[in-house]
Amino acid sequence: MHRLTCPTCHADVVWPGNPHRPFCSLVCRLIDLGVWLDEGYRIDERQHSDNVS
């Protein structure tokens, strides 16, 4: 069985059949969404602008 680590709480996640993957639960999925909505994650502008032609 393939296992990964939840990016939010670092619990083991069983991959097959998990509707919330890569998260372990809906709670961890919503926590991650909240961080995105609060602009806690950012894409580096310098890296992005280097790839634009």
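The values are calculated or read from the model by the stated rules, or taken from the named source; none is laboratory data. Everything quoted here is computed from the prediction, not taken from an experiment. A quick note on method: Cβ atoms are made from the backbone with ideal geometry, for glycine too, and the neighbour counts reach across all protein chains shown.
Among the residues making up the range 1-11, those that are closer than 23 Å to TYR41 by Cα and touching a strand residue (DSSP E or B) at 6+ places or on another chain (Cβ under 6 Å) are LEU4, CYS6.
Residue by residue, here is whether (1) modelled with pLDDT of 90 or more; (2) of a type in the set (Val, Ile, Thr); (3) touching a His at 6+ places or on another chain (Cβ under 7 Å) holds:
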residue: CYS9; (1), (2), (3): yes, no, no
residue: VAL14; (1), (2), (3): no, yes, no
residue: GLY17; (1), (2), (3): no, no, no
residue: HIS20; (1), (2), (3): yes, no, no
residue: LEU26; (1), (2), (3): yes, no, yes
residue: ILE31; (1), (2), (3): yes, yes, no
residue: GLY34; (1), (2), (3): yes, no, no
residue: VAL52; (1), (2), (3): no, yes, no
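Among all residues of the range 18-26, there is at least one that is part of a helix (DSSP H, G or I), among the hydrophobic types (A, V, I, L, M, F, W, C) and exposed (fewer than 12 other Cβ atoms within 10 Å of the Cβ).
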